[in-house]
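Step one of this worksheet: look at the structure below.
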Amino acid sequence: MVGRLLKDDDTPDIDAIKRLFDEVDVDKNSHISRSELEQIVKKIQFGKVIDADEANTKLYKYLDVDKDNEITEQEFVDGFIKLINSNSNHDDPSSSSSSHETN
């Protein structure tokens, strides 16, 4: 994996997001297909929080802004910046989940 997608100041690290795009773009055609995104989503440990197939479908729809069934590097970067920024605006973990986790 690429590592953190945030800089030390908690802003999106665009270079890291681009490296992630390059890692996900297995066939190096400058676009991410649904199957390429699925491979990386399945590597992420969601546990029982979310189904990997459901996560892939939602993420693909979110990132494929022009709905051409391919995610360009620009769509990927812009989408991840939005995700990171929206996540940083919701610091209360209970706001994104209806169940409580115990550690």
- Scan the stretch 44-71 residue by residue and report those that are more than 16 Å from Arg19 (Cβ to Cβ), more than 11 Å from the chain's Cα centre (by Cα) and modelled with pLDDT of 90 or more. Thr57, Lys61, Asp64, Val65, Asp66, Lys67, Asp68, Asn69, Glu70
- Query: Is it the case that Val2 is modelled with pLDDT under 90, surrounded by 12 or more Cβ atoms within 10 Å (Cβ to Cβ) and part of a loop (DSSP other than H, G, I, E, B)?
  - Reply: yes
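The values are calculated or read from the model by the stated rules, or taken from the named source; none is laboratory data. The shown structure was predicted, so the numbers you read here are calculated from the model rather than taken from an experiment. We place every Cβ from the backbone using ideal geometry, glycine too, and count neighbours over all the protein chains shown.
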